[in-house]
Amino acid sequence: MSRVRADEEEYWHSSKFRAFTFDDEDDELSQLKESKRAVNSLRDIVDDDDDDLERVSWSGEPVGSISWSIKETASGSTGSLDGRDSSLQKGSSSYAALPKQASSYSLSSLFKGRNKLSSFQSLSDALTDTGVKNYAPELRRPKAEYKDYSSDWSPRDTVRRMQRGKVCSLERFRSLQEKLVLLDEAVAGHDGNVITAVLIFLKRTLRREILFRELEVRQVALCHLIHFLRETGEQKFLLDLLRFLDRTEEVALSQYREHLNIQDVEKRREFLKGCIGLPFSAEDTSHIQDHYTLLERQIIIEANDRHLEMAGQSELFRKYPRKASILNMPLVTTLFYSCFYHYTEAEGMFSSPTNLKKTFKIPDKQFVLTALAARAKLRAWGDVDALLTTKNWLGYTKKKAPIGFHRVVEILQRNNAPVQVLQEYVRLVEDVETRLNLATKYKCHDVVIETYRDLKDRIQLTAYKGKVERGSAEEEKINSILSN
């Protein structure tokens, strides 16, 4: 009987099943550990190169899914693995909670471990595994890295940071005093970009009357704002500012600039007519009047010449078709056009060059230069000669060029004037050295020979003999001079 009792006791002590006691470990925790060891033993069986296995968490959801990420994040904040095991040992009695507590482990990390050890892969190893993406939330950056976006910078520090190209918010400067200090610091920094940026901020956040009043005593900032408004075309704001500053002439000039935006010729003419009454200075008023008169003339000339060109009644228009319209052209261009197409018209015609000269008081120098270029382009050498010929009170005629005969020669040569025409005007150049240079450059041999003859320079004349063709009239002329 005692043997039977002893066998029973041995049976109970040797069996893997033990009686329930409060000192033993939690049976559910033991089952979990056995499951882990069983899974670790599968590493020797499963091929590590198998990439077709889907990574899933302990909860059975694919790794990377939204629900998996939420659970992973939630479980990460509950504590470490050891803390979870200890909490299970102390009082966990629900088996359903076990997968959630162990959600930091995945079957992928178990089947595809980086080593072949039989021990269970730790959480830190799983996170550092290059084959497994880390879904842990990003740690908060140090507070020092957010200094660029701080709202505690003073106006001086803000200006300095703007000069270095840093991103600074100006919205924190709310009071008028802070904004004015910021503007003064920007002006003191002598950086035009910073001054303009601060002015744009003030323009957007202040009433016009307040901004104008403060800029009136800050001339540097005022000049920056006026230039900025002109560049951006904010005409209404600019006019309000100039009226506040009582700059009537600048207001008138700014209004006059608006004609540049008017494309229709008739509307531009009416606009210029209205600008004549604006409070310009005496000199500017004269210019505005001339502009209006010129545009009025151009409209008349353009209408007549277009009709002549389309009708084919003028040989000059057929031979030299117009390349562009005369409308809105400068006065000098209009004069050149008139000298080119209407040179012989009477003074009473609006398109006559003489009429234009008298109406707009064009100086003789400008008139001769423009007319000479126009007639030389047409190779009208007779008109060129008449243009440069004057008659005195005794009836004697002589050549006269307000622009200088050296410039006359250059213009004629540029338009391929013949040597005979060039020589006539090269002889009229008063400076001997300039005359010799022009005659040599443009091969006016007669002028060179005559000049050396007048200078009685036998050496230069003999040297120049080698530059002319043998047997030519120039060589015979040189021999004749040398023999005498």
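Listing for the model above:
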quantity: Residue satisfying condition, being of a type in the set (Ser, Thr, Tyr), at pLDDT 85 or above and surrounded by 12 or more Cβ atoms within 10 Å (Cβ to Cβ), within set 150, 169, 175, 154; calculated: 154
quantity: Selection status of residue 477, open to solvent by 30 Å² or more (accessible area, probe 1.4 Å) and over 58 Å from the mean Cα position of the chain (by Cα); calculated: yes
quantity: Members of region 349-359 found to be farther than 18 Å from residue 289 by Cα and either open to solvent by 70 Å² or more (accessible area, probe 1.4 Å) or outside the structural domain of residue 268 (by the TED database) (or both), listed by number; calculated: 349
quantity: Set 362, 288, 326, 301: member being part of a loop (DSSP other than H, G, I, E, B), of a type outside the set (S, T, N, Q), open to solvent by less than 50 Å² (accessible area, probe 1.4 Å) and under 28 Å from residue 261 (Cβ atoms); calculated: 326
quantity: Output for region 304-315, where each listed residue is assigned to a helix (DSSP H, G or I) and open to solvent by less than 50 Å² (accessible area, probe 1.4 Å); calculated: 305
quantity: Some residue of region 224-242 being within 32 Å of the chain's Cα centre (by Cα), of a type outside the set (Ser, Thr, Tyr) and on the phi > 0 side of the Ramachandran plot; calculated: yes
quantity: Residues within region 389-412 that are loosely packed, with under 15 Cβ neighbours inside 10 Å, within 54 Å of the chain's Cα centre (by Cα) and aromatic (Phe, Trp, Tyr), tallied; calculated: 0
quantity: Filter result for the condition that a residue is among the charged types (D, E, K, R), modelled with pLDDT under 90 and under 23 Å from residue 356 (Cα atoms), over 290, 284, 246; calculated: 284
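Rundown of residues vs (1) assigned by the TED database to the domain that holds residue 383; (2) of a type in the set (A, V, I, L, M, F, W, C); (3) under 43 Å from the mean Cα position of the chain (by Cα), yes/no style:
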position: 291; (1), (2), (3): no, no, yes
position: 310; (1), (2), (3): no, yes, no
position: 320; (1), (2), (3): no, no, yes
position: 328; (1), (2), (3): no, no, yes
position: 340; (1), (2), (3): no, yes, yes
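Results for (1) within 30 Å of residue 292 (Cβ to Cβ); (2) surrounded by 16 or more Cβ atoms within 10 Å (Cβ to Cβ), shown as yes or no for each residue.
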site: 196; (1), (2): no, yes
site: 207; (1), (2): no, no
site: 216; (1), (2): no, no
site: 255; (1), (2): yes, yes
site: 271; (1), (2): yes, yes
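The values are calculated or read from the model by the stated rules, or taken from the named source; none is laboratory data. Just so it is clear, the structure is predicted and the values come from calculations on it, not from any experiment. Neighbour counts run over all protein chains shown; Cβ positions are idealised from the backbone, glycine included. Heads up: the accessible areas ignore ligands, DNA and RNA and are worked out on the full protein's heavy atoms, side chains in. Shrake-Rupley method; radii C 1.70, N 1.55, O 1.52, S 1.80 Å.
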